[in-house]
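J.: If you scroll down you'll find the structure; I have some questions about it.
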Amino acid sequence: MKNSGYFSQFGGAFIPEILVPTFDELETAYLTARDDPDFWQEYLDIMSTYSCRATPITRLDNLTEQLGGANIYVKREDLNHTGAHKANNVMGQGLLTKRMGKKRVIAETGAGQHGVATATMAAKFGFDCTIYMGAHDVARQRPNVFWMEQMGATVVAVTEGSQTLKDAINEAFRDWVTNMDDTHYVLGTACGPHPFPEMVSWFQSIIGTEARTQMLERTGKLPKRVYACVGGGSNAMGIFSGFMDDNDVELVGVEAGGRGKGMGEHAARLAYDDATIGVAQGYKTYFLQNTDGQMQDTHSVSAGLDYVGVSPILSHLHESKRVRFEAANDKDVVEAMQRTVRNEGLIPALESSHAFAQAYLEAPTLSSDDDILINMSGRADKDIFTVADAVDDPKWRDFIIDKAEAYRQEMNND
């Protein structure tokens with residue numbers, strides 16, 4: 001490999017020998033694209049004409065007044081095409097796939113947003129598409145599965161392991177090993193072997209570039225703090241990149257606190273003390289693993305944060321103390337989502353709601369002269385089943401029961 005892809009001690013490319021030529025090809029395509037202004041302009045053009053960029057900044061007027069303290073602003077990645085930040089990465093990788101002459105794409109997905117974005121990109125560019133998704137996530141993110149299949153993608157439910165994101169990644173790599181010549185793996189987050197962490201972060205940096213300019217234009221100054229949820233880390237790396245060199249801007253990553261501390265109860269790799277440094281899925285970072293290096297089960301109300309590892313770049317930023325990491329528990333996350341819906345009419349995804357929960361906790365401790373910025377990485381359309389169950393909405397429950405009964409009667413009549 002031409003570049004080791006390390007961020008201090010984290011990162012690298014721990015891959016089987018058979019995949020080395022494929023990774024060399026990808027790294028060459030990526031580095032060539034980075035040095036080609038025409039490529040970035042083509043990327044910007046397609047993101048503006050197809051994916052509704054630039055996404056705006058919204059001030060939360062009502063919650064700013066209610067909470068007191070800092071002025072709360074939100075970067076609206078929910079308005080990006082397919083409803084999340086995921087399109088930023090997949091459209092860029094789609095352009096690279098075209099450059100490499102590949103005809104098929106595969107991807108893993110947890111919350112389903114990356115799967116939908118990849119299926120969308122494949123439909124636009126004319127690629128065959130297969131999406132791997134843990135069976136547990138298929139069940140709780142059925143709306144996204146429906147749209148992937150409508151766009152022509154084959155969705156494979158992975159029934160091994162915990163049946164969540166880490167297992168979907170494993171299956172995607174197995175596919176890639178046997179289909180390297182015509183297939184590109186559109187890895188969805190800033191994890192995995194080099195060059196994926198760096199490459200995904202590069203495409204997602206469009207968020208931070210826009211946000212920095214927008215905050216200066218809107219407020220005349222930079223925010224005091226920037227909040228982002230952290231699963232693998234792509235939306236966080238995206239918005240943090242715009243402020244990385246601004247030492248007066250504190251960067252706060254918010255992980256899945258789940259049901260609380262204790263292995264298997266959460267997915268907080270950096271905010272809690274349960275994770276240790278190891279090598280898995282082709283890279284070195286903090287993992288929730290036992291003393292034998294076996295990956296442990298994780299839990300989160302949000303499928304997209306329910307992951308055992310974290311970006312090696314974020315692990316480096318954690319150890320260098322450039323990013324502060326916190327964890328929000330399931331209860332506080334659902335309450336933050338409800339509070340945002342009821343007071344502002346915005347519907348943040350459960351993943352994004354982790355960042356909202358921490359920001360709402362800290363905003364009252366700041367001055368009214370301070371501004372904070374939350375990355376709303378996606379919207380909660382996909383979470384309707386999970387949210388309705390979490391809030392125990394009786395009308396939704398009756399609706400599901402009635403639909404199930406009507407379907408049963410229809411099947412009996414047939």
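J.: What do you reckon, is Glu65 acidic (Asp, Glu) and either touching a residue at least 12 places away in the same chain (Cβ under 8 Å) or crowded, with 18+ Cβ neighbours inside 10 Å (or both)? Step through it out loud before you land on a result.
T.: Details: acidic (Asp, Glu): yes; either touching a residue at least 12 places away in the same chain (Cβ under 8 Å) or crowded, with 18+ Cβ neighbours inside 10 Å (or both): no.
No: the conditions fail for Glu65.
J.: If you don't mind, there's one more thing I want to ask. Pick from the range 1-37 the residues that are of a type in the set (D, E, K, R) and within 17 Å of Thr97 (Cβ to Cβ): which of them is surrounded by the most Cβ atoms within 10 Å (Cβ to Cβ)? Lay out the reasoning, then the answer.
T.: Start the filter on the range 1-37 by keeping residues that are of a type in the set (D, E, K, R), which leaves 2, 17, 24-25, 27, 34-36.
Among the residues that remain, those that are also within 17 Å of Thr97 (Cβ to Cβ) are: 24-25, 27, 34, 36.
Numbers: Asp24: 13, Glu25: 14, Glu27: 21, Arg34: 14, Asp36: 12.
In this case the residue turns out to be Glu27.
J.: May I pose another question? Please go through (1) at pLDDT 95 or above; (2) on the phi < 0 side of the Ramachandran plot for Gly220 and return the number of the only condition it doesn't satisfy.
T.: For Gly220, the failing item is (2).
J.: What about Asp137, is it assigned to a helix (DSSP H, G or I), surrounded by fewer than 24 Cβ atoms within 10 Å (Cβ to Cβ) and at negative phi? I'd like the intermediate steps shown before the answer.
T.: Working: assigned to a helix (DSSP H, G or I): yes; surrounded by fewer than 24 Cβ atoms within 10 Å (Cβ to Cβ): no; at negative phi: yes.
It is false that Asp137 is assigned to a helix (DSSP H, G or I), surrounded by fewer than 24 Cβ atoms within 10 Å (Cβ to Cβ) and at negative phi.
J.: Which of the residues belonging to the range 241-270 are within 20 Å of Gln289 (Cβ to Cβ), free of Cβ contacts under 8 Å to residues at least 60 places away in the same chain and under 16 Å from the mean Cα position of the chain (by Cα)?
T.: Ala267, Ala268, Arg269, listed by residue number.
J.: Given the condition surrounded by fewer than 19 Cβ atoms within 10 Å (Cβ to Cβ) and either modelled with pLDDT of 95 or more or at positive phi (or both), answer yes or no: does some residue in the range 345-355 qualify? Step through it out loud before you land on a result.
T.: Initially, the range 345-355 is screened for residues surrounded by fewer than 19 Cβ atoms within 10 Å (Cβ to Cβ), giving 345.
If we keep only those that are either modelled with pLDDT of 95 or more or at positive phi (or both) as well, we get 345.
Among the residues of the range 345-355, at least one is surrounded by fewer than 19 Cβ atoms within 10 Å (Cβ to Cβ) and either modelled with pLDDT of 95 or more or at positive phi (or both), which makes the answer yes.
J.: Just a yes or no: is a residue in the range 28-48 within 18 Å of Gln204 (Cα to Cα), touching a His at 6+ places or on another chain (Cβ under 8 Å) and not assigned by TED's automatic domain parsing to the domain that holds Gly208?
T.: no
J.: Condition check: crowded, with 19+ Cβ neighbours inside 10 Å and part of a helix (DSSP H, G or I). Does Gln358 satisfy that?
T.: Working: crowded, with 19+ Cβ neighbours inside 10 Å: yes; part of a helix (DSSP H, G or I): yes.
Taking the combined requirement at face value, the residue satisfies it.
J.: Any idea how many residues of the range 101-133 are small (Gly, Ala, Ser), more than 12 Å from the chain's Cα centre (by Cα), surrounded by 24 or more Cβ atoms within 10 Å (Cβ to Cβ) and assigned to a helix (DSSP H, G or I)?
T.: Number of matching residues: 2.
J.: Please work out if Asp369 is assigned by TED's automatic domain parsing to the domain that holds Ser241, over 30 Å from the mean Cα position of the chain (by Cα) and not aliphatic (A, V, I, L, M).
T.: Details: assigned by TED's automatic domain parsing to the domain that holds Ser241: yes; over 30 Å from the mean Cα position of the chain (by Cα): yes; not aliphatic (A, V, I, L, M): yes.
Against the criterion (assigned by TED's automatic domain parsing to the domain that holds Ser241, over 30 Å from the mean Cα position of the chain (by Cα) and not aliphatic (A, V, I, L, M)), Asp369 qualifies.
J.: Please go through the range 380-407 and pick out each residue that is exposed (fewer than 12 other Cβ atoms within 10 Å of the Cβ) and touching a helix residue (DSSP H, G or I) at 6+ places or on another chain (Cβ under 6 Å).
T.: So the first thing to find is which residues in the range 380-407 are exposed (fewer than 12 other Cβ atoms within 10 Å of the Cβ), and the list is 392, 394-395, 398, 401-407.
Hits for the range 380-407: nothing passes.
J.: If a residue must be of a type in the set (A, V, I, L, M), touching a residue at least 24 places away in the same chain (Cβ under 8 Å) and under 20 Å from Arg140 (Cβ atoms), how many such residues does the range 358-396 contain?
T.: 5
J.: Ok, one more. State which residue is surrounded by the fewest Cβ atoms within 10 Å (Cβ to Cβ) when the search covers only the range 275-323 and only residues that are in a loop (DSSP other than H, G, I, E, B) and of a type in the set (Lys, Arg).
T.: As a first pass, look at the range 275-323 and keep what is in a loop (DSSP other than H, G, I, E, B): 275, 281-282, 288, 290-294, 296-302, 306-311, 320-322.
Still in the running and of a type in the set (Lys, Arg): 321-322.
Values: Lys321: 7, Arg322: 14.
Among them, the one singled out is Lys321.
J.: So which pairs qualify, if the first residue must be in the range 129-141 and among the charged types (D, E, K, R), the second must be surrounded by fewer than 24 Cβ atoms within 10 Å (Cβ to Cβ) and part of a helix (DSSP H, G or I), the Cβ gap must be under 6 Å, and the two must be at least 6 apart or on different chains?
T.: Arg140/Thr386
J.: Which ones in the range 164-212 are over 16 Å from the mean Cα position of the chain (by Cα), part of a helix (DSSP H, G or I) and in the same structural domain as Leu95 (by TED's automatic domain parsing)? Before you say what the answer is, go through the steps one by one.
T.: Restricting attention to the range 164-212, the residues satisfying the condition of being over 16 Å from the mean Cα position of the chain (by Cα) are 167, 170-185, 193-195, 209-212.
When the remaining residues are screened for being part of a helix (DSSP H, G or I), the result is 167, 170-178, 209-212.
Within the range 164-212, Asp167, Asn170, Glu171, Ala172, Phe173, Arg174, Asp175, Trp176, Val177, Thr178 meet the criteria.
J.: Could you identify the single residue in Lys98, Lys75 that is surrounded by fewer than 19 Cβ atoms within 10 Å (Cβ to Cβ), of a type in the set (D, E, K, R) and over 30 Å from Thr159 (Cα atoms)? Before you say what the answer is, go through the steps one by one.
T.: Details: Lys75 fails: surrounded by fewer than 19 Cβ atoms within 10 Å (Cβ to Cβ).
Unique residue meeting the criteria: Lys98.
J.: In this structure, does Thr58 turn out to be hydroxyl-bearing (Ser, Thr, Tyr) and in contact (Cβ under 8 Å) with a residue 60 or more places away in the chain?
T.: Values: hydroxyl-bearing (Ser, Thr, Tyr): yes; in contact (Cβ under 8 Å) with a residue 60 or more places away in the chain: yes.
It is true that Thr58 is hydroxyl-bearing (Ser, Thr, Tyr) and in contact (Cβ under 8 Å) with a residue 60 or more places away in the chain.
J.: Kindly indicate whether Met215 is assigned by TED's automatic domain parsing to the domain that holds Asp371, touching a Leu at 6+ places or on another chain (Cβ under 7 Å) and either surrounded by fewer than 21 Cβ atoms within 10 Å (Cβ to Cβ) or free of Cβ contacts under 8 Å to residues at least 24 places away in the same chain (or both). Spell out how you get there, then give the answer.
T.: Values: assigned by TED's automatic domain parsing to the domain that holds Asp371: yes; touching a Leu at 6+ places or on another chain (Cβ under 7 Å): yes; either surrounded by fewer than 21 Cβ atoms within 10 Å (Cβ to Cβ) or free of Cβ contacts under 8 Å to residues at least 24 places away in the same chain (or both): no.
No, not satisfied.
J.: To continue, here is another question. What residue, of Ser302, Ser315, is modelled with pLDDT of 95 or more, among the hydroxyl-bearing types (Ser, Thr, Tyr) and on the phi < 0 side of the Ramachandran plot? Lay out the reasoning, then the answer.
T.: Values: Ser302 fails: modelled with pLDDT of 95 or more.
Answer to the check: Ser315.
The values are calculated or read from the model by the stated rules, or taken from the named source; none is laboratory data. Note that the structure is a prediction, hence the values are computed from the model and not measured. Using ideal geometry, Cβ is built from the backbone for each residue, glycine included, and neighbour counts are taken over all protein chains shown.
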